[in-house]
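Chemist: Submitted below is the structure of interest, expressed as structure tokens.
A short reminder: the numbers here are calculations on the coordinates, not readings from a lab. These numbers come from a predicted model, not from an experiment. Using ideal geometry, Cβ is built from the backbone for each residue, glycine included, and neighbour counts are taken over all protein chains shown.
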Ligand SMILES: Cc1cc2nc3c(=O)[nH]c(=O)nc-3n(C[C@H](O)[C@H](O)[C@H](O)COP(=O)(O)OP(=O)(O)OC[C@H]3O[C@@H](n4cnc5c(N)ncnc54)[C@H](O)[C@@H]3O)c2cc1C
């Protein structure tokens, strides 16, 4: 395990090994694929045809048209033209085919801290387990620049470092990973459950753990999705900070997460424009308001809202906003950060019959007194941020991940 981790860290630091992405630095799909590999802690190299003769030769050799960019050369020798994250993950062995005939003891949906903790305990206690995540391991915690309040790390630890350890630890105990793959729906069968996957397949398990956390609210702008994943961000970790170096960025939000992100980004970007509909006093902690005021390169625009995003090919170039009087201005901005709240990831459970609270979080099953992790469907358990009434913290998500496995042992023993 130590050798594996050190070798992986070495490859990441040197920027060697893994697939080779060939395409211009500011191409939206290059940013998308780089982001996917970085979030999954996977080494890669990037060659820019603008300054690399080898890259130009490769593009000529494969007769790559502009719409084929980036091309990706995988370690097995195959070449992909502007692949989806799933195609890339399959090619580099991150995503393996799921055996439709196999029935797992437990399927864990979501690889945030809750899901990974459940995976470590399930795997170490001999259950056959699989974890699915539609994006990458780590969830929201993986995007945190520094987690200061997780037990045992007095100087703090980056969310990515903490989650990468958990991901490796789960694999050490034999847990299978399917990332990226999204669970689209859940159905109860005769003694087991069927999970239908976005990749087209399905998988079966005796019990299901829902650890799908929360997703970030978006602004209602027609072309926002064009820049999502490349220039529109929902957290500010060292990955995003690197993208924004010496550039102006815009950040929308008035809560503590917006304040933390603004202060953090101000250490990397040349200027942070912080847009809030109302004053910060009602929603942000005093210490953050003071830090923002002390930071000369943060400008707070109260009573402003974003009206349009302009750019092309997934690359944002201009952000327009207006004030309460309707006066509009445009700024040259390549990265936009949104911190405007979160909603539970429970849409995929809509047809399952599992009871949700009025805000869409999973409601505990009232019949199991003292077991808040049970849902209204026996055999399906909910942990972490997706559960109504949960404490939205890494440590509590991890604790629930450990606790639910004891509950699953009991459920499987009763069902046998
Ligand atoms: C920027 C930031 C900083 C934070 N800092 C701290 C901190 O310092 N300390 C602290 O204690 N807490 C912090 N938090 C809160 C903490 O990260 C969350 O409480 C915690 O991550 C919740 O864990 P979770 O596993 O329940 O859900 P999440 O972390 O939300 O993970 C859910 C996972 O499920 C996946 N998923 C969703 N739907 C599906 C589906 N249908 N199919 C497959 N996969 C799916 C998602 O891709 C995601 O990876 C922070 C949060 C953020 C955003």
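Chemist: Quick one: among 167, 287, 264, which has the greatest mean-square fluctuation in a GNM of the chain with alpha-carbon springs under 10 angstrom?
Modeler: Comparing 167, 287, 264 in a Gaussian network model of the chain, the most mobile one is 287.
Chemist: Given the options 235, 273, 321, state which has the largest fluctuation in a GNM of the chain using a 10 Å cut-off (strictly under) for Cα springs.
Modeler: Highest fluctuation of the listed residues: 321.
Chemist: Also, I was wondering about something else. Roughly speaking, what % of Cα-Cα pairs in the chain are separated by over 26 Å, rounded to a whole number?
Modeler: Details: 49901 of 86320 pairs.
I get 58 percent for the Cα pairs in the chain exceeding 26 Å.
Chemist: Sticking with this one: As a test, work out the antiparallel percent of DSSP beta bridges whose residues both lie in segment 2-91, rounded to the nearest 5. If you can, show how the numbers build up before the last one.
Modeler: Numbers: 6 of 9 bridges.
Percentage antiparallel, nearest 5: 65.
Chemist: Which of 62, 234 has the fewest other C-beta atoms within 10 Å, and how do the rest follow up to the most? Could you put the intermediate results ahead of the total?
Modeler: Values: 62 14, 234 19.
Starting with the residue having the fewest Cβ neighbours, the order is 62, 234.
Chemist: In segment 224-340, if every C-alpha pair distance is counted and binned at 10 Å from zero, what percent goes to each bin?
Modeler: For segment 224-340, the binned pair fractions read 15, 49, 32, 4, 0 percent.
Chemist: Related question: Going by how many other Cβ atoms sit within 10 Å of their own, how do 4, 251, 338 line up, fewest first?
Modeler: On the way: 4 11, 251 25, 338 22.
Starting with the residue having the fewest Cβ neighbours, the order is 4, 338, 251.
Chemist: Which order, highest average first, do 395-407, 103-115 follow once you tally other Cβ atoms within 10 Å for each residue and take the mean per peptide?
Modeler: On the way: 395-407: 20.8, 103-115: 27.7.
Top to bottom by mean Cβ count within 10 Å: 103-115, 395-407.
Chemist: Still on this structure, please answer the following. Calculate how many DSSP beta bridges within segment 224-340 are antiparallel, expressed in % of all such bridges and rounded to the nearest 5.
Modeler: On the way: 12 of 29 bridges.
That works out to approximately 40 percent antiparallel.
Chemist: Considering the zone a paramagnetic label at residue 4 would reach in this model (a point 7 Å from Cα along the Cα-to-Cβ line), which residues of segment 146-189 have amide N under 17 Å from it?
Modeler: What the label zone holds, given the 17 Å backbone N cut-off, is 161-179.
Chemist: Still on this structure, I have one more. Where both residues lie in the chain, what percent of DSSP beta bridges are antiparallel, nearest 5? Write down the numbers at each step before the final one.
Modeler: Details: 33 of 70 bridges.
Counting only bridges with both partners in the chain, antiparallel ones make up about 45 percent.
Chemist: In addition: In what order do 2, 7 fall by count of nearby beta-carbon atoms within 10 Å, going from fewest to most?
Modeler: Values: 2 6, 7 12.
Arranged by neighbour count, lowest to highest, 2, 7 become 2, 7.
Chemist: What is the distance in Å between the Cα centres of segment 326-349 and segment 100-155?
Modeler: Using only Cα atoms, the two centres lie 27 Å from each other.
Chemist: Another question, if that's okay. I'd like to compare 381-389, 187-195, 118-126: which one has the highest average count of other Cβ atoms within 10 Å, and what's the full order after that? Before the final figure, lay out the partial values.
Modeler: Working: 381-389: 26.4, 187-195: 14.3, 118-126: 22.7.
Top to bottom by mean Cβ count within 10 Å: 381-389, 118-126, 187-195.
Chemist: For segment 2-91, max minus min Cα coordinate along each principal axis, in Å, sorted largest first?
Modeler: 42, 27, 25
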